[in-house]
1. Need the full-extension length gain, LEU310 to GLN243, defined as separation in residues times 0.36 nm minus the C-alpha distance. One decimal, nm.
2. What's log10 of I(q)/I(0) for the stretch 282-331 at q = 0.27, 0.33 Å⁻¹, Debye sum over Cα points only, no solvent?
3. Taking the alpha carbon gyration tensor of the chain, what are the square roots of 5 times its eigenvalues, largest first, to the nearest whole Å?
4. Of LYS6/LYS485; LYS219/LYS304; LYS136/LYS292; LYS136/LYS182; LYS157/LYS399; LYS157/LYS219, which ones are farther than 27 Å apart at the Cα?
5. Please compute the modelled spin-label separation between SER332 and ILE257, points set 7 Å along Cα→Cβ, answer in nm with one decimal.
6. What full-extension length gain, to one decimal in nm, is calculated for SER99 and GLU39 as 0.36 nm per residue of separation minus the Cα-Cα distance?
7. Please identify the helices of the chain, taking whole runs of DSSP H, that span at least 30 Å along their own axis as judged from the Cα atoms and have a mean Kyte-Doolittle score of -1.0 or higher.
8. Using only the alpha-carbon atoms of the stretch 45-182 as identical scatterers, what base-10 log of I(q)/I(0) does the Debye formula give at q = 0.10, 0.17, 0.21 Å⁻¹?
Amino acid sequence: MDVLQKLFEQHFHSPVVRVQPLQGQLGGSGRRIIRLAGEDLSAIGILHDVREENVAFLEFSRHFRSQGLPVPEIYAEDLNHGAYLEQDLGDTTLFEFLSQNRAGDDIAPVAIAAYRQALATLPRFQIEAGRDLNYKVCYPRASFDRQSIAWDLNYFKYYFLRLAGIPFSEPALERDFGRLSKFLLTAEHNYFLYRDFQSRNIMLCDGQTFFLDYQGGRKGALQYDVASLLFDAKADLPPPVRQQLLDHYLDRLADFIPLDRELFMRHYYAYVYVRVMQALGAYGFRGFFERKPHFLQSVPFALKNVRWLLHNVHLPIELPTLLDAFTSMLGSETLRSLASDADSAKSSDATSATGHLVVRIFSFSFHRDGVPKDETGNGGGFVFDSRSVPNPGREERFKALTGKDAPVIDYLNQQEGAREFLAHTASLVDASVSNYQQRGFKNLMISFGCTGGRHRSVYFAEQLAKHLYEKNNVQVIVRHLELEKLGK
């Protein structure tokens, strides 16, 4: 916080008199967002540990402003401390403005006008500003390529389908994913892809739309961003409104490039499906895995989009296993009752501490520590060998870091093997926790080992602990044996 106050005072030559954390804007990004105010001016301060993401946002912001696009002005930065200061655009997102100006499916013209303004600006990002953008700073990929698509599809598979208990044949689903990826990449994809073009990242200030959170931008297809906005789950736009806004976007897009609408639409709904799956993966990770109930509240709206797609869209490729999985999702009692279950779980009172199951989670080095001993006398539990996952410790940039540091976490979050390992681990542990609680057991021990005991095992121990923290009547204790030796 001190670094933001210092940046504010150096830039404005005025002391900070009020500091307001904006937790509602934190979302799933891991950034801390703080409003700092002087006597007659204010700014938004950002604290974020991922340097590459910060560099991308700052460089994109300056480039977009040089092109006359409505993005926040960057006032000051301190990349060594993961901090920067930007223009305060107020508190009204497009999502909030929509919510204030609708009654069910009846959306006021003023809200439709705001969407039209946002969509009219989108081609300027995609085409005009994208022409000479420095794509070398893109993070984590310079383009929405086969690898990026695979990350999104597997995010959906491991953190939504698997954690929601939706049955599927993994080899058959992988074949569908391969066909879908190949088809998506036949669309022209040499434009700027905003990546998270949705209603909470668009601000309304002084009657104008402003745009945020494009730090994940890269080269990609035009269809992805408009699909992101129009199928934004919780915004829940009625299908006739979506079609009207899509037509408006295509009219504006035709002002910038020769547009073959039929060709655009051939790929459009495939990108809608990918964006819906990416969102469901995020809801599953934050909701099922990290136990943050408010993310699960978006799932029924996403399923409403899936239902509409299944009933109204015929893709030009065959994806039988994927479509069967979508159908199973719609029939899932667990998913249908998800929002109410999440609310009741959040509000339920825990029983007394004497009824708690204590879960002790250890990280250790197979080479130096050996498997930790169970000192409770309970026996059993799990020992997971995480050495099959790519090792960040082999890369120079990660050697001085640990699995608790943001760059290592970000690196492992992007590894398919790590995501699969974590999903399977959580599933096994959840089953044991439930069984132990029913039988009145008081202790469960879980250990993660890797080669050095500093990166992978620490990461998995921390991630599993985060997953278990919000379970009712579970006390979680985490120890990192190798890090304790190093005083970390």
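1. On the way: separation 67, 0.36 × 67 = 24.12 nm, distance 1.66 nm.
Full extension from LEU310 to GLN243 adds 22.5 nm.
2. Listed by q, the Debye log ratios stand at -1.00, -1.16.
3. Values: eigenvalues 286, 168, 104 Å².
Here the semi-axes work out to 38, 29, 23 Å.
4. As for pairs spanning more than 27 Å Cα to Cα, those are LYS6/LYS485; LYS219/LYS304; LYS136/LYS292; LYS157/LYS399.
5. The modelled label-to-label distance comes out at 3.5 nm.
6. Details: separation 60, 0.36 × 60 = 21.60 nm, distance 3.17 nm.
In short, 18.4 nm is gained.
7. Details: long enough: 261-283 (32 Å, 0.07); 416-439 (35 Å, -0.50).
Taking the DSSP H segments of the chain (at least 30 Å long, mean hydropathy at least -1.0), we get 261-283, 416-439.
8. Once normalised to I(0) and log-transformed, intensities are -0.58, -1.14, -1.15.
No value in this document is a laboratory result; all are computed from the given coordinates. Note that the structure is predicted; figures quoted are calculated from it, not measured. For neighbour counting, all protein chains shown are included, and Cβ atoms are generated from backbone atoms with ideal geometry for every residue, glycine included.
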